[in-house]
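**Student:** To start, I am sharing the structure in question, which I have written as structure tokens.
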Amino acid sequence: MKYTATLIIAALVLIMQACGHTVEQKKTEVQNEKTEHYTFQLSDKVTREKVSFKNRYGITIVGDLYLPKNRGNEPLAAIAISGPFGAVKEQSSGLYAQTMAERGFAALAFDPSYTGESSGEPRNIASPDINTEDFSAAVDFLGIQKSVDKNRIGIIGVCGFGGFSLSAAAMDKRIKAVATTSMYDMSRVMANGWKDTLSLEQRTKMLEQMSEQRWKDMEAGNPSYGSALNPEKLPENTDPIAKEYWDYYKTPRGYHTRSINSTGSWAITSAFSFMNFPLLTHIKEIKPRPVLIVVGDHAFSRYFGEDAYKASAEPKELYIVPNAGHVDLYDQIDKIPFDKLETFFKKYLNKM
């Protein structure tokens, strides 16, 4: 598997690192320090409030609740948002939440379990079950807010959290509509490799080495981590895909100290459960609730969204954004189709 392919998928990075060198990640206070740095300016049309709530596993989820200033007294339709995989609420998901609040929704951007300001030990762990549960926990929280109509809640998953959002919507019938942008199916890419090119021999080797790593972690008393997902400096002749990520996570455009993709790496064994538990097994059970899949026309991740669209049931829509790549839909206001997202959620979260 090419090195550049592993760079563009956090999951594959940690798998390949499990097959090669491993280094002990410092328990840095940097990722957990409290900071008010956001990668976007706070809009004068909304309010932002730091909130927290527990998921079903007792992990405290920390988020930002955005509300329109001119909301009146009627309960609002609400949207919970998370992603990309390895990002924090001060990055893309916060921008999405703020913009949807400007358009009349209560919007919650949250840090997933084990990352950002949310709790969970050890740090920098991902789980197909727990990260799906994080969306349902966000719905739990939104449903008891006086500003929210609990019967009008939807979710948005960005990048790797697109797969989690579809998984959550399939199971949690309180979610009335789901949209994804630049979607990744993290279980598919970890289990099968980039564009499903992972051989059984390669998969078996990776699982063997992660299995052995569990003993090493037990002896050490803490998990081992790979080297940083994004280097401080890009090597010459870097693959354009790797550069696309780096230009967001390692520059002022999207850098945040708590973001794994900016400053850290995943625990090496994080891929273990993803390689065994597919996220989209029950995607057809989202029906009769609607699905919107948004992809860039030249996004390297486009195949994930198109395949999820094919696998889902009506009502569904595949929306292709012209002149847009994968990372463009993280923060490029002129390319993220907020008009489409607003129309979609206002249609399907309308009062019964």
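**Student:** Can you pull out every residue in the range 270-306 that is out of contact with any Ser or Thr (no Cβ under 8 Å at 6 or more places or on another chain) and among the β-branched types (Val, Ile, Thr)?
**Tutor:** Once the filter is applied, which keeps residues that are out of contact with any Ser or Thr (no Cβ under 8 Å at 6 or more places or on another chain) and among the β-branched types (Val, Ile, Thr), the range 270-306 yields only THR281.
**Student:** Being closer than 27 Å to SER136 by Cα, modelled with pLDDT under 50 and crowded, with 16+ Cβ neighbours inside 10 Å is true for just one of GLN31, GLN98, GLN25. Which residue is that?
**Tutor:** GLN31
**Student:** To continue, here is another question. Count, please, the residues in the range 274-302 that happen to be of a type in the set (Ser, Thr, Tyr) and more than 17 Å from the chain's Cα centre (by Cα).
**Tutor:** Count: 1.
**Student:** Kindly list, by first and then second residue, each pair from a residue in the range 291-307 that is over 15 Å from LEU280 (Cβ atoms) and modelled with pLDDT of 95 or more to a residue that is part of a strand (DSSP E or B) and of a type in the set (Ser, Thr, Tyr), limited to pairs with Cβ atoms under 7 Å and residues at least 6 apart or on different chains.
**Tutor:** As it stands, the answer is LEU292/TYR319; VAL294/THR180; VAL294/THR181; VAL294/TYR319, since those pairs meet every condition given.
**Student:** Sticking with this one: Go through (1) assigned to a helix (DSSP H, G or I); (2) within 28 Å of ASP247 (Cβ to Cβ); (3) more than 19 Å from the chain's Cα centre (by Cα) and name the single condition PHE344 misses.
**Tutor:** All conditions are met except number (2).
**Student:** Would you mind stating whether PHE277 is outside any loop (DSSP other than H, G, I, E, B), at negative phi and not aliphatic (A, V, I, L, M)?
**Tutor:** It is false that PHE277 is outside any loop (DSSP other than H, G, I, E, B), at negative phi and not aliphatic (A, V, I, L, M).
**Student:** Could I ask something else about it? Would it be correct to say that SER273 is surrounded by fewer than 24 Cβ atoms within 10 Å (Cβ to Cβ) and within 20 Å of LYS243 (Cα to Cα)?
**Tutor:** Against the criterion (surrounded by fewer than 24 Cβ atoms within 10 Å (Cβ to Cβ) and within 20 Å of LYS243 (Cα to Cα)), SER273 does not qualify.
**Student:** When you scan the range 99-208 for strands (runs of 3 or more DSSP E) that lie fully inside it, which ones turn up with 1 or more residues that are hydroxyl-bearing (Ser, Thr, Tyr)? Spell out the reasoning first.
**Tutor:** Working: elements: 106-110, 148-158, 175-181.
Strands (runs of 3 or more DSSP E) meeting the threshold: 175-181.
**Student:** Against the conditions (1) at pLDDT below 95; (2) among the charged types (D, E, K, R); (3) in a helix (DSSP H, G or I), where does GLU212 fall short? Just the number, please.
**Tutor:** (1)
**Student:** Determine whether the range 216-228 contains at least one residue that is in a strand (DSSP E or B) and either under 16 Å from LEU279 (Cα atoms) or of a type in the set (S, T, N, Q) (or both).
**Tutor:** Among the residues of the range 216-228, not one is in a strand (DSSP E or B) and either under 16 Å from LEU279 (Cα atoms) or of a type in the set (S, T, N, Q) (or both), which makes the answer no.
Let's see how each residue does on (1) under 19 Å from ASN222 (Cβ atoms); (2) at pLDDT 95 or above; (3) of a type in the set (Lys, Arg):
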| site | (1), (2), (3) |
| --- | --- |
| SER113 | yes, yes, no |
| SER119 | yes, yes, no |
| ARG123 | yes, yes, yes |
| SER127 | yes, yes, no |
| SER136 | no, yes, no |
| ASP140 | no, yes, no |
| ILE144 | no, yes, no |
| SER147 | no, yes, no |
| GLY154 | no, yes, no |
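**Student:** Turning to a different aspect of this structure: Give SER165, SER182, SER187 a once-over and let me know the one that is more than 19 Å from SER113 (Cβ to Cβ), within 15 Å of the chain's Cα centre (by Cα) and of a type in the set (S, T, N, Q).
**Tutor:** Selected residue: SER182, the only one of SER165, SER182, SER187 that is more than 19 Å from SER113 (Cβ to Cβ), within 15 Å of the chain's Cα centre (by Cα) and of a type in the set (S, T, N, Q).
**Student:** Out of everything in the range 229-257 that is in a loop (DSSP other than H, G, I, E, B) and of a type in the set (A, V, I, L, M), what residue ends up being surrounded by the fewest Cβ atoms within 10 Å (Cβ to Cβ)?
**Tutor:** It comes out as LEU234.
The values are calculated or read from the model by the stated rules, or taken from the named source; none is laboratory data. Note that the structure is predicted; figures quoted are calculated from it, not measured. Here the Cβ is made from the backbone with ideal geometry for all residues, glycine too, and neighbour counts use every protein chain on show.
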